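J.: First the structure, which I've put down as structure tokens, then a few questions once you've had a look.
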Amino acid sequence: MGGSRGEIVVDLTRRDVAKLSLLGGAAVALPLERAIGGPATLANRIATSALPLPFTVPFAKPPAIWPVRSDATTDYYRVSMEPAMTEIIPGLQTMVWGYNGSVPGPTFRVLKGRQSVVRQVNNLPGRHPVLDYTPWTSVHLHGSASLPQYDGYASDICNPGQWKDYVYPNKQQARTLWYHDHGVHHTAQNVFMGLAGMYIMTDAVEQALPIPHGEYDVPLIVSDMMFNADGSLLFNLDEDSGFYGDVIAVNGRPWPLMKVQRRKYRFRILNASVSRSYRWSLSDGRPMTVIASDAGLMAAPRNVTSLRHAPAERYEVVIDFARYAPGTRITLRNSSPKNNVNFANVDKVMAFEVTGDPFDPANNTVPAVLEPYQPVMALTAADSMRTRQFVFRRDGGEWVINNRTWEDVVRSNFTLALATTNKNDVETWELRNPSGGWHHPIHVHLVDFKILSRNGRPAQPWEQGAKDVVFLGENETIRLLIKFDGGFGKYMMHCHNLVHEDHDMMGQFVVLDGANVADDPFSVPARNLPETPL
Ligand code: C2O
Ligand code: CU
Ligand code: CU
């Protein structure tokens, strides 16, 4: 944390304690320990000694979801957003809100070219039992060029007792997407409660590569959590910087231990944390091979000994366990980027235990060429038709983009836009964070982009692929190259630190397509139960 810590401390000590929102606990203690540099103390927070020791809980993949029916073009799915009791901390029960009651939600596996229709039914209670808000929802498929009315537009909400069918075209190249709640003002709480899951799209190019597939292609959904002594979730909302938990969960399991065979595995790592960013490395310092970023396979693999991972980014990383003797234990570590709030074991993520078990030797290589035909990566700065600037700042208690908030968008009756462009235009977007006190993961809906530069220097090795979220670091200026070829209409852009997003670092841009009139984000409103047949 070093020198960066100072600014967090200032924010915390002057913050009104009433701003602390708590889940599952009544009494609140001022986080004095954190103010003097130690971990937060919250009266009902579970003792570190009551948490499982790292690497004692077995690893598990999230469950899969299957269509309820399929026809010639489309697969139809049904998902119920609902509360569930689950054991995350051994011996304790935790109430979560999950897609189909599962945290993380079930994993979709879809094929490019086949459309999905996903019915989302809001079966959440009328009020959050502790935080006392109405859990309206809006489901966003992050990484998809969806139509505006199916994009999870924050104010296109579905209240408890309502449902909506979302249509996903699945026309882009193979990639790791994820679906998560996007309901206006409560996204952080809803995602913290568990409303996030992975959505994997494959295509012929990806399937034909001899990279790990099937059981060796493994989702790792990482999120940080915090608990009360009774096992209930503790949402310690620090409006100034974000939510930072003391438990690191992978696929909903605290610091799990995974048994692996002596071959290559491909991990699809999704940082589904509300605010926390990570820097991954292996305990023995050996390299990992990055093969894909947010929007799919990179042109060529990159070997790295560590990589930084902001909320909402996805990286696919191959680790070769053939180089270890059976019985070896390797841990995945997190050396925290600055301006996160850290606790005892957040420097650990999970462990791999290498076994001598027989394994399938097929698809056990990483070729030198992966996917050279990613359209946005072929663009150069010379293709750019104009440059726009976006400044991400804190303004009093609010987080703003070019001095605007989502509340300004609401007040304008959803007409205010940070940018208006034309379909197929290519633009340079310059993102600027003038502060040294925090970083922002910036996400642009609808499009894939190429990172041209960071403070005038090339992007990091793991960022040399198509992206839809970028880590905008302290005092950084980033230039992105974007082609608006994914569709047209109104789309959001925002900080993916969900606490910043909710208060209120989110705006929209408009893509015009000549005389064609785009669908309105509100054109398919939620409907009241009961459901019609799917
Ligand atoms: Cu992953 Cu607008 O969000
Ligand atoms: Cu998105
Ligand atoms: Cu931010």
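The values are calculated or read from the model by the stated rules, or taken from the named source; none is laboratory data. All values reported here derive from a predicted model rather than from experimental measurement. FYI the Cβ positions are ideal-geometry reconstructions off the backbone, even for glycines, and counts take in every protein chain you see.
J.: Surrounded by fewer than 21 Cβ atoms within 10 Å (Cβ to Cβ), away from ligand 2 (no atom under 15 Å from the Cβ) and either of a type in the set (Asp, Glu) or over 30 Å from Pro67 (Cα atoms) (or both): is that true of Pro458 in this structure?
T.: Yes.
J.: Among the listed residues Ile221, Ile211, which satisfies the condition of being of a type in the set (A, V, I, L, M), in a loop (DSSP other than H, G, I, E, B) and either closer than 25 Å to Met298 by Cβ or away from ligand 2 (no atom under 16 Å from the Cβ) (or both)?
T.: The match here is Ile211.
J.: When you check Asn475 against the structure, is it closer than 27 Å to Gly396 by Cβ and surrounded by fewer than 19 Cβ atoms within 10 Å (Cβ to Cβ), yes or no?
T.: Yes; evaluated as a whole, the condition is true for this residue.
J.: Select from region 139-153 the residues that are within 12 Å of ligand 2 (Cβ to nearest atom) and of a type in the set (S, T, N, Q) and write down the one among them that is surrounded by the fewest Cβ atoms within 10 Å (Cβ to Cβ).
T.: Within region 139-153, the match that is surrounded by the fewest Cβ atoms within 10 Å (Cβ to Cβ) is Ser146.
J.: Right, Thr56: assigned to a strand (DSSP E or B) and closer than 25 Å to Met258 by Cα or not?
T.: Spelling it out, it is not the case that Thr56 is assigned to a strand (DSSP E or B) and closer than 25 Å to Met258 by Cα.
J.: Based on what the data block shows, is Arg457 of a type outside the set (Asp, Glu), more than 26 Å from Glu398 (Cβ to Cβ) and more than 16 Å from ligand 1 (Cβ to nearest atom)?
T.: Criteria met by Arg457.
J.: Looking only at region 159-172, which residues are within 16 Å of ligand 1 (Cβ to nearest atom) and either part of a loop (DSSP other than H, G, I, E, B) or farther than 22 Å from Ala295 by Cβ (or both)?
T.: The answer is Gln172, and nothing else.
J.: Moving on to the next point. Taking the stated definitions as given, is Glu476 more than 14 Å from ligand 2 (Cβ to nearest atom) and either at pLDDT 95 or above or touching a Phe, Trp or Tyr at 6+ places or on another chain (Cβ under 8 Å) (or both)?
T.: Spelling it out, Glu476 is indeed more than 14 Å from ligand 2 (Cβ to nearest atom) and either at pLDDT 95 or above or touching a Phe, Trp or Tyr at 6+ places or on another chain (Cβ under 8 Å) (or both).
J.: What do you reckon, is Ala466 more than 25 Å from Gly242 (Cα to Cα) and free of Cβ contacts under 8 Å to residues at least 40 places away in the same chain?
T.: Judged against the criteria, Ala466 is not a match.
J.: Right, next: Could you list, in sequence order, all residues of region 499-534 that are in contact with an Asp or Glu (Cβ under 9 Å, 6 or more places away or on another chain), among the hydrophobic types (A, V, I, L, M, F, W, C) and within 30 Å of Ser241 (Cβ to Cβ)?
T.: Selection gives Val499, Met505.
J.: Name the residue, out of Pro521, Pro530, that is modelled with pLDDT of 95 or more, part of a loop (DSSP other than H, G, I, E, B) and within 16 Å of ligand 2 (Cβ to nearest atom). Give the steps one after another, and end with the answer.
T.: Details: Pro530 fails: within 16 Å of ligand 2 (Cβ to nearest atom).
Of the residues listed, the single one that is modelled with pLDDT of 95 or more, part of a loop (DSSP other than H, G, I, E, B) and within 16 Å of ligand 2 (Cβ to nearest atom) is Pro521.
J.: Turning to a different aspect of this structure: Please give the strands (runs of 3 or more DSSP E) falling wholly within region 399-508 in which 2 or more residues are at negative phi and acidic (Asp, Glu).
T.: In region 399-508, the matching strands (runs of 3 or more DSSP E) lie at 426-433.
J.: Here's something else I'd like to know. Among (1) more than 25 Å from Val222 (Cα to Cα); (2) assigned to a strand (DSSP E or B); (3) within 16 Å of ligand 2 (Cβ to nearest atom); (4) not small (Gly, Ala, Ser), where does Val117 come up short?
T.: Status for Val117: all satisfied but (3).
J.: What tally of residues in region 328-343 results from selecting those that are in a strand (DSSP E or B) and surrounded by fewer than 18 Cβ atoms within 10 Å (Cβ to Cβ)?
T.: 1
J.: Could you name every one of the strands (runs of 3 or more DSSP E) located completely within region 239-327 that has at least 1 residues being among the hydroxyl-bearing types (Ser, Thr, Tyr) and away from ligand 1 (no atom under 16 Å from the Cβ)?
T.: Counting at least 1 such residues, we get 264-271, 278-282, 288-293, 306-309.
J.: If you don't mind, there's one more thing I want to ask. Please state which of the following conditions Lys467 fails to meet, knowing it meets all the rest: (1) away from ligand 1 (no atom under 15 Å from the Cβ); (2) closer than 30 Å to Val369 by Cα.
T.: Of everything listed in (1) away from ligand 1 (no atom under 15 Å from the Cβ); (2) closer than 30 Å to Val369 by Cα, Lys467 misses just condition (1).
J.: Six or more apart or on different chains, Cβ atoms under 7 Å: show the pairs whose first residue is in region 135-153 and not assigned by TED's automatic domain parsing to the domain that holds Lys112 and whose second is within 16 Å of ligand 3 (Cβ to nearest atom) and among the hydroxyl-bearing types (Ser, Thr, Tyr).
T.: No pair meets every condition.
J.: Here's a follow-up. Over 21 Å from the mean Cα position of the chain (by Cα) and more than 16 Å from ligand 3 (Cβ to nearest atom) - does that describe any residue in region 96-110?
T.: So far as region 96-110 goes, no, none of its residues is over 21 Å from the mean Cα position of the chain (by Cα) and more than 16 Å from ligand 3 (Cβ to nearest atom).
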